[in-house]
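Asks: So that we are looking at the same thing, I have put the structure below in structure tokens.
Derivation of every value follows stated rules applied to the coordinates shown; laboratory data play no part. The structure displayed is predicted, hence computed values, not measured ones. No Cβ is skipped: glycine too gets one built from the backbone with ideal geometry, and neighbour counts run over all protein chains shown.
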Amino acid sequence: MVSRRNFLLANTAVLAAGGLGVSLSTPAAATTAATRPLLPNFGRPTRLDYADVSALHGNDQLLLTTLQGVVNRRGPRLYFNYNKENFDVPWLDSTGARVTRHDNALDLVARYGREARGAILHDPDVPDSVNVATTLAGLEGAVAATAEQAAEHGFKTITDLRGKFDPDDILGTYRWQLDNLFPRCTHALLSGLPPTRTVSVDNVQWREVARETERIRDTSNREVRTFDLSQELSGEDGVYLRFQDSFGDDGWGASVGAVTVKADGKEIASFTPGTDAETPYLFDGLNSAIGGDSNRFSDGGGYFVYRFTAPEGTQQLTVDVDLWNQFLVTATTTAPTRVEPFPYFRDYTVAMRAMVFWLPPSGQTGELLDEILGKVEPTTPYAGWFSNDVAGEWGGVDRASQHAVEVIPADYYMNATVHAGVRAEVSDRVPPRPKATLRNRVYVTLTVGEGDNIQYCQRRMRQIWDDDKRGEVPTNWTVSPLLAEIGPAILAYFQRTATPNDLLIAGPSGAGYTYPGSWPKEALDAYTELSGRFMRRTGMDLVYAYNHRNEEDDGWVAFDERIVRSYKKNTDLRGIIQSWETGDLQINPAGLPVIGNFMPQGRAQEYHDTLVKHIEGWDGSQPLFIAGAVNAWNWSPSDIAELGTLLDDPFEIVRGDVFFKLLGDHLGR
């Protein structure tokens, strides 16, 4: 097996001969484990052809993104804006390149198409063939395309995947790829990307069927509700029933435990979510997950949709739904979404010649995922994400951790082949800590999560960071120190524009998202050494960390002395905030304080009220320390500023470095 280190060293030698095109910051002969890049770049962008692809179909975006990977492997020259929200536009100026703008993105196929050797044809009937086609595109220097696209743009066919795979045999598809393609792929990077995405259809008219108007975060409103969908019987394409979160700001959206459908009183469908019986009716479940009560739920801006077809001549169609939490139920007669190839991050995987797959981390697919993870060296990054929402996250990250592989949430990270090569001044200076004197107060430090997620740093974090209210209240912002390699200008922007009240800290759990307690004992030091290297490089001395969950009660497992000792030996950490949610963890193993976060729900007033209730037993005879979590998807600095005005005596909000200094002083007593 080719190790990541040997691979990177070998490819510096073939760079001039038109090989991988990976750029190393130091000559091959001078590289060491401490200087070798974890996430290589492909040179500095000096001239970029830019186009907006947001209005294009996923097939066209897939073709362009894989072309981008082939072209940018030899030096970054293509840059695209993928979304109507223009997430990619603010970063364009930071590239330092001379930019030529093009009105029609597909014109760039004619300009750059000759740099691709041809096309890999994916099978529209086998979604996972999109991933195999992406892997082959990297290996062959080709684009991934449909047969029609290849003919239209004049690409010769290198490999035709149509009819090669069984659409119902995901295991067979990815087993073939592992056996036949992985030996040729880089072993320096693994990538998990969904083969398809769901795109909303414009101008769909929804009728509101039911809505929960109270904030219900338990099963107190659980009951079987009957919805009459007879109004929708006029549609020719069936009836679509959508379940959403009626509030969308605190993570307690619609939860469905069972569904029964009746046409004129006769049962025509009945199922429990997550079973085979549900499958024929689940039109769109990509934004939902299965819970522990065999329920399907979706929180925040997510949703899930069922489609029911009534027998011809039906006069009344009713649906009985076991339903609870904060639900919004709507119905329509128009297909609300369509399925397209998922294009994002594929420029980097193609340029790296990485293997791309999408394996749910459970059952037989989980076993194949284990096999793949077991074929790479410790600290090899897995870039992308996992299926099945939160359950997939926990299962996937845990499996990766067991194989000493860190996860980089990157499935929506765009133009990585450009951003990785931008020259930017990333500071290694630890911000000076404000002076503070320990008193008998309630010290609160507020931490905005999600920073391990490099696509969040590129997209959502930039949006909320630019809020005018930022800086009014001391706030910790989690960010990935790995951006020093795969997005230096992004990290440098946050460093450069931070106010004295903003503190950048490492997102879970250092150099990539992982559960340290699940790592093989002999490999844990490799991860904390990697984290120490990147945190020193980026001036970070605090980390927000996760660990695996307890199988007995599904609660988080506290860091033990072995884990903390490894962090202490290999990093310059002054403290660790561990994901805990209930705020009742405060330990000091190996002399490095670890405090569990506290996660109140709702907006500022409810957050304040929860904190007040949380300290009801405090008598004021000694200081109290609370690490408050801030939901990055639902809150902004304006919300934090509002909370700051509400938290008066005995509360005091401080930056994380001050918080741990005072906590250390308290523990030293």
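Asks: Using the Cβ atoms and a cut-off under 14 Å, what net charge is assigned to the surroundings of Ala263, where Lys and Arg are +1 and Asp and Glu are -1?
Replies: Local net charge: -4.
Asks: Grab the Cα-Cα distance for Thr46 and Val99, subtract it from 0.36 nm times how many residues apart they are, and report the gain in nm with one decimal.
Replies: Extra length from Thr46 to Val99 when fully extended: 18.2 nm.
Asks: If you take the alpha carbon radius of gyration of segment 242-374 and divide it by 2.2 N^0.38 Å, what ratio comes out, to two decimals?
Replies: 1.29
Asks: Please work out the Cα convex hull volume for segment 540-608 and give it in Å³ per residue.
Replies: 106 Å³
Asks: Can you check what the Kirkwood hydrodynamic radius comes to for segment 217-308, Cα pairs only, in Å to one decimal?
Replies: Taking the inverse mean of 1/r over all distinct Cα pairs, segment 217-308 comes out at 14.0 Å.
Asks: Would you kindly give the portion of the calculated P(r) for segment 68-166 that falls above 18 Å, as a percent of all Cα pairs? It would help to have the intermediate numbers written out before the result.
Replies: On the way: 2614 of 4851 pairs.
Roughly 54 percent, rounded to a whole number.
Asks: Name the residues of segment 326-343 whose amide N is less than 12 Å from a point 7 angstrom out from the Cα of Arg307 along the C-beta direction?
Replies: Only 333-339 fall inside the zone, counting backbone N under 12 Å.
Asks: To continue, here is another question. Could you run the Debye sum over the Cα atoms of segment 46-93, one equal point scatterer each and no solvent, and tell me log10 of I(q)/I(0) at q = 0.20 Å⁻¹, two decimals?
Replies: Debye intensities relative to I(0), on a log10 scale: -0.67.
Asks: Next up: If only Cα atoms are counted, what is the Rg of segment 361-460, and what is its Dmax, in Å?
Replies: 18.7, 56
Asks: Using every pair of alpha-carbon atoms in segment 117-193, split the distances into 5 Å bins beginning at 0 and state the percent of pairs per bin, rounded to integers.
Replies: In whole percents, the pair-distance histogram is 3, 17, 27, 25, 17, 9, 2.
Asks: Quick one: check the C-alpha center-to-center distance for segment 242-275 versus segment 492-508, whole angstrom.
Replies: 42 Å
Asks: As I understand it, the dipole of the chain uses +1 on the Cβ of Lys and Arg and -1 on the Cβ of Asp and Glu, about the Cα centre. Which of Asn81, Thr159, Thr538 lies farthest toward its positive end?
Replies: Ranked along the dipole, the leading option is Thr538.
Asks: Binned at 20 Å from 0, what are the whole-percent values of the Cα-Cα distance distribution for the chain, short to long?
Replies: Final binned percentages: 18, 50, 29, 3.
Asks: Follow-up. What per residue convex hull volume, in Å³, do the alpha-carbon atoms of segment 161-259 yield?
Replies: Dividing the Cα hull volume of segment 161-259 by its residue count gives 240 Å³.
Asks: Rounded to the nearest Å, what's the spacing between the alpha carbon centres of segment 457-484 and segment 616-639? Just the number, please.
Replies: A separation of 18 Å, based on Cα centres.
Asks: Please report the relative contact order for segment 396-525, taking Cα pairs under 8 Å with a sequence separation of at least 6, and give it as a percent rounded to a whole number.
Replies: Numbers: 183 pairs, mean separation 50.9, N = 130.
Worked out over segment 396-525, it gives 39 percent.
Asks: May I ask which residue of Tyr493, Asn570, Thr46 lies farthest towards the positive end of the charge dipole of the chain, with charges of +1 (Lys, Arg) and -1 (Asp, Glu) on Cβ and the Cα centre as origin?
Replies: The listed residue farthest towards the positive side: Thr46.
Asks: Calculate the length of the line joining the C-alpha centroid of segment 356-408 to that of segment 137-197, in whole Å.
Replies: First find each Cα centre; the distance between them is then 20 Å.
Asks: Calculate the FRET efficiency for Ala335 and Ala151 from the Cβ-Cβ distance with a Förster distance of 35 Å, rounded to the nearest 0.05.
Replies: That gives a FRET efficiency of 0.80.
Asks: Report the calculated FRET efficiency for Ile615 and Glu425 (r = Cβ-Cβ distance, R0 = 60 Å), to the nearest 0.05.
Replies: Between Ile615 and Glu425 the formula returns 0.90.
Asks: With +1 assigned to the C-beta of every Lys and Arg and -1 to the C-beta of every Asp and Glu, and no other charges, what is the dipole magnitude of the chain about the Cα centre in debye, to the nearest 20?
Replies: With Lys and Arg at +1 and Asp and Glu at -1, about 3320 debye.
Asks: Quick one: Kirkwood hydrodynamic radius for segment 442-505, alpha-carbon pairs, angstrom, one decimal?
Replies: For segment 442-505, inverting the mean 1/r across all distinct Cα pairs yields 11.9 Å.
Asks: Please list the equivalent ellipsoid semi-axes of segment 401-459, computed as the square roots of five times the alpha-carbon gyration tensor eigenvalues, in descending order and whole angstrom.
Replies: Values: eigenvalues 213, 71, 32 Å².
Working from the Cα gyration tensor, I get semi-axes of 33, 19, 13 Å.
Asks: Please report, to two decimal places, log10 I(q)/I(0) for segment 498-651 at q = 0.14, 0.16, 0.20 Å⁻¹ as given by the Debye formula with identical point scatterers on the Cα atoms and no solvent.
Replies: The calculated log intensity ratios at q = 0.14, 0.16, 0.20 Å⁻¹ are -0.78, -0.99, -1.32.
Asks: Report the charge-dipole magnitude of segment 202-292 in Debye, nearest 20, computed about the Cα centre from +1 at each Lys and Arg Cβ and -1 at each Asp and Glu Cβ.
Replies: The dipole magnitude comes to about 260 debye.
Asks: Follow-up question, since we're still on this one. For segment 196-211, just list the computed ³J(HN,Hα) in residue order, Karplus coefficients 6.51, -1.76 and 1.60, θ = phi - 60°, integers in Hz, with x standing in for Gly and Pro.
Replies: Karplus values, whole Hz, x for Gly and Pro: 9, 9, 9, 10, 5, 8, 6, 6, 7, 9, 9, 9, 6, 9, 7, 8.
Asks: A follow-up question, please. For the chain, what number of Lys pairs, 8 or more residues apart or on separate chains, have alpha-carbon atoms under 26 Å from each other?
Replies: Within the chain, the lysine pair count is 12.
Asks: Still on this model: Dividing the alpha-carbon Rg of segment 404-539 by 2.2 N^0.38 Å yields what?
Replies: 1.10
Asks: Shifting gears a bit: Can you say what percent of the DSSP beta bridges in the chain, counting only those with both residues inside, are antiparallel? Round to 5.
Replies: In the chain, DSSP labels about 50 percent of beta bridges as antiparallel.
Asks: Here's something else I'd like to know. Starting from segment 261-328, pick out the chymotrypsin sites (Phe, Trp or Tyr not before Pro) whose DSSP state is loop and whose Cβ has at most 14 other Cβ atoms within 10 Å.
Replies: none
Asks: A follow-up question, please. Given Ile290, Ser230, Val204, which one lies farthest toward the positive end of the charge dipole of segment 203-308, if we put +1 on the Cβ of every Lys and Arg and -1 on the Cβ of every Asp and Glu?
Replies: In segment 203-308, that residue is Ser230.
Asks: Convert 4 °C to kelvin, take the viscosity as 1.567 mPa s, use the Kirkwood radius over C-alpha pairs of segment 92-249 as Rh, and evaluate the Stokes-Einstein diffusion coefficient in µm²/s, rounded to a whole number.
Replies: Reported coefficient: 63 µm²/s.
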